[in-house]
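The values are calculated or read from the model by the stated rules, or taken from the named source; none is laboratory data. From a predicted model like this one, the values you see are computed outputs, not experimental measurements. Heads up, the Cβs are rebuilt from the backbone with ideal geometry, glycines too, and the neighbour counts pull from every protein chain shown.
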């Protein structure tokens, strides 16, 4: 399999999300200069051009989840969360909730918990349908179940990335340019909650260096700021925006500096509180 095809499978998410569908004409103008994406979490430019994706592209959700590859052995029973496949009425929560479900899928893959994949996959289908991408979600869930039963974990990782790539393609066609941005945000928050919990429970100084990504937090703050004012009236988004701002001091350390155990625990408390803004409403 050549590099170009691999990259195409791992196409990053784009755009942002809202309680209403915004047309390209209604969406506020954004430029790469106003909304800089951290270079190490950007997808392949040529792939973006093939899909007609432009500066709205967000960080690759797969690359954001790479932190889960580097925190050591994950203890699933301590990191799992309760959820149902009932979809919330709030479209913003549905979008971010789908991101958290994709993160839970990556957690299942990392922990090789075959029996957990079906429930997550079925929830992803329902959330995808609520966002208008049900058909694209459906075509991947069979593979997710098959690969999990076979213990084919590498193909499972690829299939999860393909799933979110197809959601992106659907959002482009629907001109719902805001939806995938919040999927990406939800995924990052859940992944950060998992990573900080794992490191705080099994502290190693070297593992903490990947957590201090102020640039990613700032990117998502600016992304929220670029949403239409009517969307930002959503109480969950206002709470998230305030929480991200409050998290910045914990991430503002010199490059290469490790965090202490106390600092990791404080960061986990912040990340968990932000992730729960989404996940608690998913189950409510």
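Name the single residue that is surrounded by the fewest Cβ atoms within 10 Å (Cβ to Cβ) among those in the range 188-236 being outside any helix (DSSP H, G or I) and modelled with pLDDT under 90. Per the stated criteria, the residue is 228.
Kindly provide the set of residues from the range 77-98 that are farther than 15 Å from residue 163 by Cβ and in a helix (DSSP H, G or I), ordered by number. Within the range 77-98, 77, 78, 79, 91, 92, 93, 94, 96 meet the criteria. Taking the criterion of being under 17 Å from the mean Cα position of the chain (by Cα), over 14 Å from residue 105 (Cβ atoms) and either surrounded by fewer than 15 Cβ atoms within 10 Å (Cβ to Cβ) or at pLDDT 75 or above (or both), the only residue of the range 127-161 that qualifies is 131. Within the set 64, 101, the sole residue that is under 22 Å from residue 217 (Cβ atoms), modelled with pLDDT under 90, within 13 Å of the chain's Cα centre (by Cα) and in a helix (DSSP H, G or I) turns out to be 64. Return a yes/no flag: does the range 99-114 have any residue that is touching a residue at least 40 places away in the same chain (Cβ under 8 Å) and at positive phi. Yes; the residues of the range 99-114 include at least one that is touching a residue at least 40 places away in the same chain (Cβ under 8 Å) and at positive phi.
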